[in-house]
């Protein structure tokens, strides 16, 4: 078993980190540069930076915040929000992103994933998939949780893999910010339909939830609230996983 990645997430709006419940009622959670530096020192394997207001405001990703975060960050960073073209992706990669995550634009035009993977390599092409429970399982949600598409998530993850995505960032809309744990049934359903790595997101309340997600098939586990509110450090989560025989990277930067 390969080492599992622990990934803090910074949802950014107006230059500040924000957090809400089910993508709504966003509250201030701190300065993105300070938090990025903290998580780097705690031993985070990667960081995800999402400009959550870019799509609703129909604008490009805020490059200034990305550049400032990159200055303090030596670990890989996935960046999403407002990516509609290959040129949008190129700008983010030039400023400091290692991977780019696409959700709404990829749903509207799956060939965007193909174009990004062809231009920059499949390894930096991430499909961000937001999933909400439906009568028949889960449906894809886009436009920052405001549009329920009716498309089955299990079908969509197969499509994004075929289109060129090298990784899936899978967020449970229903668990986001609730602290109820990851949607394990969703994780198992998705990992059974795709061969590319899947990052679990939405619902963590403690290290035991990270363990459950990994046991359900996650290749990496992402969280925000428990890290932002200083309830657990990345180092503490890794120690818990290591105690339960889950391989993790133990390097902690000075």
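When the chain is modelled as a GNM with alpha-carbon springs shorter than 10 Å, which of 174, 205, 155 fluctuates the most?
Top of the fluctuation ranking is 155.
Only bridges whose two residues both fall in segment 109-254 count here: according to DSSP, what percent of them are antiparallel, nearest 5?
40
Picking from 230, 40, 109, which is most flexible by a Gaussian network model of the chain using Cα springs under 10 Å?
Of 230, 40, 109, the Gaussian network model singles out 230 as fluctuating most.
In terms of the Cα gyration tensor, with a ≥ b ≥ c the square roots of its eigenvalues, is the chain rounded because a/c is under 1.5, prolate because a/b exceeds b/c, or oblate?
Rounded shape, in that the Cα axes give a/c under 1.5.
Given a 10 angstrom Cα cut-off, can you work out which residue in 83, 196, 214 is the most mobile in a GNM of the chain?
Looking only at 83, 196, 214, the largest GNM fluctuation is found for 196.
Sort out for me the Cα centre separation of segment 199-219 from segment 132-174, rounded to whole Å.
First find each Cα centre; the distance between them is then 18 Å.
State the antiparallel share, in %, of DSSP beta bridges confined to the chain, rounding to the nearest 5.
30
Coordinate-derived values only; no laboratory data. Quantities reported herein were computed from a predicted structural model and do not represent experimental measurements.
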